[in-house]
Amino acid sequence: MLITNATVVTCDADQRVIPVGAVYYEEDRIVAVGSMAELEAAYPAVERLDAHGKLVMPGMICAHTHFYGAFARGMAIPGPAPANFMQVLAQLWWKLDRALTLEDCQYSALVGLVDAIRHGTTTLIDHHASPSAIDGSLDALADAVTASGLRVALCYEVTDRNGPEGSVAGLAENVRFLRRLRERPDPKLGAALGLHASFTLDEETLTRCAEAAHELEACVHIHLGEDPADQADSLARCGKRVAARLDDYGLLGPKTLAAHAIHVDQGELELLQATGTMLSHQPRSNMNNAVGTAAIEQMLAMGLTVGLGNDGFTNNMFTEIHAAYLLHRASSGDPRTLPGDRLLNMAVATNARIASRFFPQAVGVLAPGAAADLILLDYYPYTPLTSGNYPWQIVFGLDGSQVTHTICGGQMLMRDREILTLDEIAIAAHAQHLAPAIWDRVASL
């Protein structure tokens, strides 16, 4: 397809903005990006989509999410209001995940995937938990992903908080799914070996996980330093902070994606930098859980790879960008903190670098050879849109609600705001049918 009559934001190394531009793709790869006149002359006989002046840019990427949390929306947390993050985990998330069946898992993914398509997020890295339905849970999610047409990396959260049988089963589910994708590769499915966090993992489990990750040459996806309790537990267990503890097991490195890293000290940041460990920042979740603000400016100044996730909030990554922009200014008291260009580099280029650990095709850029992951937005700027200012145009002018078309791997998933691959109304109706039983199970735990 040749998309014409568009304002093209390439998000490539040159950060080009092409005013009357076009993008041509064949199957799942972009072939050419340039002026409309140039590409119409080069490809005169192909199918066309007239963008009518819309903005065309790469699909958004989410570096850390939790589909399984979908059924928490609107649910009253049993008991008194949690006073800290550990109480939030105990009263909400560690009950909700235990309440999920395989069908619930699949529908939690489906509603999240609908949300992603609608808001132009084409690549996501998920971290799953369902202790009462572990075996086959990643297949249930993968079926939903395949139906949606989106690009998603999956893992199961290994933890000892539900006993040794649960940790063994969680590791087995990761290994089985990793091997499945090795035997039957899918360009839109990725996998990692998932771990919850240091404070719910004992020495034997960490050893087994590290051995499996090494044997399979797998990526590792884990939470790190989200709350001070993570550090207190590690210091009590072994006299070391979390990053050092994980490094002792070989669980840090360029194939490890660590979410949050809020409560880490200078020594840990240096260790994360030295090992090449990737990080993801989730500002809305961090504010919601009142766990603090990650030292993003310091991390970036040290050269750490820091991307942007949503931790299970809505898959409107434009909203996550807006939240990050404001949070760090409010937190630092300095309006120069995390400027738009640096933030957009995290959300686009760095997220694309993180995604490259999970998927063979380049994403997050409109360039020949990259995946044909594109979104069209109803955005008609009333000030000049240039390669120098488009990050601030995105921060102050764009939102996922403006997305009209979502394309992933050359497949049209949404056209003129109509989702084509999933039945949004039917999925929502069935999820609403499942929710009361889930909530009842949560209340009984």
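The values are calculated or read from the model by the stated rules, or taken from the named source; none is laboratory data. The model shown is predicted, which means the values in this text are computed figures rather than measured ones. Please note: Cβ atoms are built from the backbone with ideal geometry, for glycine as well, and neighbour counts cover all protein chains shown.
Answer with yes or no whether residue 294 is surrounded by 24 or more Cβ atoms within 10 Å (Cβ to Cβ) and in contact with a Leu (Cβ under 6 Å, 6 or more places away or on another chain).
Taking the combined requirement at face value, the residue does not satisfy it.
Filter the stretch 215-232 for residues that are over 21 Å from residue 354 (Cβ atoms) and assigned to a helix (DSSP H, G or I) and give the result.
Residues satisfying the conditions are 215, 228, 229, 230, 231, 232.
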**Asked** If you go through the stretch 331-339 one residue at a time, do you hit one that is in contact with a Cys (Cβ under 8 Å, 6 or more places away or on another chain) and either under 20 Å from residue 226 (Cα atoms) or in contact (Cβ under 8 Å) with a residue 24 or more places away in the chain (or both)?
**Response** no
**Request:** Please specify each residue of the stretch 71-130 satisfying the condition of being at positive phi and within 22 Å of the chain's Cα centre (by Cα).
**Result:** 120
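One line per residue, one yes/no per condition, for (1) within 21 Å of residue 387 (Cβ to Cβ); (2) in contact with a strand residue (DSSP E or B) (Cβ under 6 Å, 6 or more places away or on another chain); (3) without any contact (Cβ under 8 Å) to a residue 12 or more places away in the chain:
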| position | (1), (2), (3) |
| --- | --- |
| 6 | yes, yes, no |
| 13 | yes, no, yes |
| 18 | yes, yes, no |
| 22 | yes, yes, no |
| 31 | no, yes, no |
| 48 | no, yes, no |
| 55 | yes, yes, no |
| 59 | yes, yes, no |
**Asked** Is the stretch 343-359 home to any residue that is under 22 Å from residue 23 (Cβ atoms), β-branched (Val, Ile, Thr), at pLDDT 95 or above and in contact with a helix residue (DSSP H, G or I) (Cβ under 6 Å, 6 or more places away or on another chain)?
**Response** no
**Fill in**
residue 32 fails exactly one of (1) closer than 30 Å to residue 260 by Cβ; (2) touching a helix residue (DSSP H, G or I) at 6+ places or on another chain (Cβ under 7 Å), namely (1)
**Request:** State whether one or more residues within the stretch 179-193 are buried (at least 24 other Cβ atoms within 10 Å of the Cβ) and more than 16 Å from the chain's Cα centre (by Cα).
**Result:** no
**Fill in**
Of (1) polar (S, T, N, Q); (2) in contact with a strand residue (DSSP E or B) (Cβ under 7 Å, 6 or more places away or on another chain); (3) farther than 25 Å from residue 72 by Cα, residue 315 fails just (3)
**Prompt:** Residue check: is residue 374 touching a Leu at 6+ places or on another chain (Cβ under 9 Å), more than 27 Å from residue 325 (Cα to Cα), touching a residue at least 60 places away in the same chain (Cβ under 8 Å) and surrounded by 22 or more Cβ atoms within 10 Å (Cβ to Cβ)?
**Reply:** no
**Asked** What helices (runs of 4 or more DSSP H), lying completely within the stretch 76-137, carry at least 3 residues that are in contact (Cβ under 8 Å) with a residue 40 or more places away in the chain and either out of contact with any helix residue (DSSP H, G or I) (no Cβ under 6 Å at 6 or more places or on another chain) or crowded, with 18+ Cβ neighbours inside 10 Å (or both)?
**Response** 94-99, 102-118
**Request:** Identify the single condition in (1) closer than 21 Å to residue 406 by Cβ; (2) not aromatic (Phe, Trp, Tyr); (3) not assigned by TED's automatic domain parsing to the domain that holds residue 407 that residue 66 does not satisfy, given that it satisfies every other one.
**Result:** (1)
**Prompt:** Quick one: how many residues across the stretch 418-445 are free of Cβ contacts under 8 Å to residues at least 24 places away in the same chain and not in a helix (DSSP H, G or I)?
**Reply:** 3
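Listed here are the residues, each with its yes/no results for (1) basic (Lys, Arg); (2) within 27 Å of residue 321 (Cα to Cα); (3) outside the structural domain of residue 397 (by TED's automatic domain parsing).
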{"site": "10", "(1), (2), (3)": "no, yes, no"}
{"site": "18", "(1), (2), (3)": "no, yes, no"}
{"site": "21", "(1), (2), (3)": "no, yes, no"}
{"site": "25", "(1), (2), (3)": "no, no, no"}
{"site": "54", "(1), (2), (3)": "yes, yes, no"}
**Item:** Extreme residue, nearest to the chain's Cα centre (by Cα), among residues of the stretch 353-406 that are among the hydroxyl-bearing types (Ser, Thr, Tyr) and part of a helix (DSSP H, G or I)
**Value:** 401
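Here is a yes/no grid of residues against (1) farther than 17 Å from residue 285 by Cα; (2) β-branched (Val, Ile, Thr); (3) assigned by TED's automatic domain parsing to the domain that holds residue 31:
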{"position": "307", "(1), (2), (3)": "no, no, no"}
{"position": "310", "(1), (2), (3)": "no, no, no"}
{"position": "318", "(1), (2), (3)": "no, no, no"}
{"position": "328", "(1), (2), (3)": "no, no, no"}
{"position": "333", "(1), (2), (3)": "yes, no, no"}
{"position": "347", "(1), (2), (3)": "no, no, no"}
{"position": "367", "(1), (2), (3)": "yes, no, yes"}
{"position": "375", "(1), (2), (3)": "yes, yes, yes"}
{"position": "378", "(1), (2), (3)": "yes, no, yes"}
**Message:** If I ask for residues that are among the hydrophobic types (A, V, I, L, M, F, W, C) and part of a helix (DSSP H, G or I), which ones from the stretch 329-344 would you list?
**Reply:** 330, 343, 344
**Message:** When the residues of the stretch 214-251 are narrowed to those that are aliphatic (A, V, I, L, M) and in contact (Cβ under 8 Å) with a residue 40 or more places away in the chain, which ends up surrounded by the fewest Cβ atoms within 10 Å (Cβ to Cβ)?
**Reply:** 216
